[in-house]
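Each value in this text was obtained by applying a stated rule to the coordinates, not by laboratory testing. Keep in mind that what you see is a predicted model, and the values were worked out from it rather than measured. Positions of Cβ are generated from backbone atoms using ideal geometry, with glycine treated the same way; all protein chains shown enter the neighbour counts.
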Ligand code: HEM
Ligand code: HEM
């Protein structure tokens with residue numbers, strides 16, 4: 001049977017759009033996370049709310065992306081790659097998707113356990129996922145920091161690999177994410 005994977009030369013418009021929007025949201029998420037403690041008092045709460053809103057947007061976008069990935073397919077990993085590089089590419093994709101789900105969910109659970117509501121883009125308050133729990137809230141906070149660091153490492157490797165494909169191997173891997 002032919003997998004949808006093998007039929008696509010490039011990522012669909014939606015996949016490309018969602019990928020680069022996620023990158024933009026990540027820039028915002030990390031900028032806020034790293035600077036929030038230095039902001040004037042009156043800006044801190046709105047900044048954290050914006051961080052949470054960006055994070056929930058990433059979660060929603062990731063759900064749609066994964067559904068779309070199965071429906072529309074993605075380009076195959078170049079078949080001439082050494083098998084360890086194919087395995088690394090596949091592992092990175094899975095790791096990124098798992099972390100893209102886990103991080104906002106842990107953030108949401110953390111906010112819920114710590115009784116700090118999510119005011120989504122200052123428009124609606126999202127529901128609590130769990131009740132207040134001080135110890136759990138502290139642990140979830142640590143986990144959120146840990147996954148944040150993991151994400152930085154995996155994204156760093158991912159971006160270096162993309163540049164390697166484009167400038168060293170000169171193949172279509174990066175182009176497939178840039179153009180239709
Ligand atoms: C993919 C999405 C997300 C990423 C990459 C991310 C990343 C981060 C990082 C790196 C930090 C700093 C951690 C530290 O200093 O140890 C942080 C802090 C935080 N995150 Fe997230 N986060 C995401 C989503 C969310 C969501 C959905 C929520 C809540 C609903 C949330 C709530 C928070 C809070 C409350 C802080 C602490 C901010 C402060 O210092 O007051 N995050 N996040
Ligand atoms: C820093 C700049 C970035 C570049 C140059 C880049 C480049 C690429 C390229 C060329 C692909 C297609 C090949 C592959 O699957 O590896 C891809 C896929 C992917 N990227 Fe990125 N990316 C970047 C940032 C990010 C960020 C910040 C995230 C999310 C945290 C991300 C998540 C993903 C995911 C999940 C896929 C797999 C898509 C799929 O096959 O379903 N990327 N990226």
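Take every Cα pair under 8 Å in the chain that's 6+ residues apart, average their separations, divide by the length, and report that relative contact order as a whole percent. Walk me through the numbers on the way to the answer.
Numbers: 166 pairs, mean separation 49.3, N = 180.
In percent, rounded to a whole number, it is 27.
Summary of packing: across the peptides 147-155, 119-127, the per-residue average of other C-beta atoms within 10 Å ranks them, highest first, as 147-155, 119-127. Subtracting the Cα-Cα distance of residue 63 and residue 120 from their residue separation scaled by 0.36 nm leaves 18.8 nm.
Each of the peptides 90-96, 35-41 was scored by the mean count of other Cβ atoms within 10 Å over its residues; in descending order, highest first, they stand as 90-96, 35-41.
Taking each DSSP H run with n ≥ 4 as -39500 (n - 2.57) and averaging over every residue of the chain yields -24000 deg cm²/dmol at 222 nm.
Taking a ≥ b ≥ c as the square roots of the Cα gyration tensor eigenvalues, with a/c under 1.5 meaning rounded and otherwise prolate when a/b beats b/c, else oblate, which class fits the chain? Before the final figure, lay out the partial values.
Working: a/c = 2.18, a/b = 2.02, b/c = 1.08.
Taking the square roots of the gyration eigenvalues as a ≥ b ≥ c, the chain is prolate.
Summarising the label geometry, the points placed 7 Å from Cα in the beta-carbon direction at residue 101 and residue 34 lie 2.9 nm from one another. Between 0 and 90 degrees, the angle of helix 134-163 with respect to the longest Cα principal axis of the chain falls at about 30 degrees. A straight chain from residue 93 to residue 128 at 0.36 nm per residue would run longer than the Cα-Cα distance by 9.6 nm. Calculate how steeply helix 13-35 sits against the longest principal axis of the alpha-carbon atoms of the chain, using the helix alpha-carbon long axis, and give the answer as 0 to 90 degrees to the nearest 10. It is inclined by approximately 40 degrees.
Taking Cα atoms only, the orientation of helix 83-113 departs from the longest principal axis of the chain by about 20 degrees.
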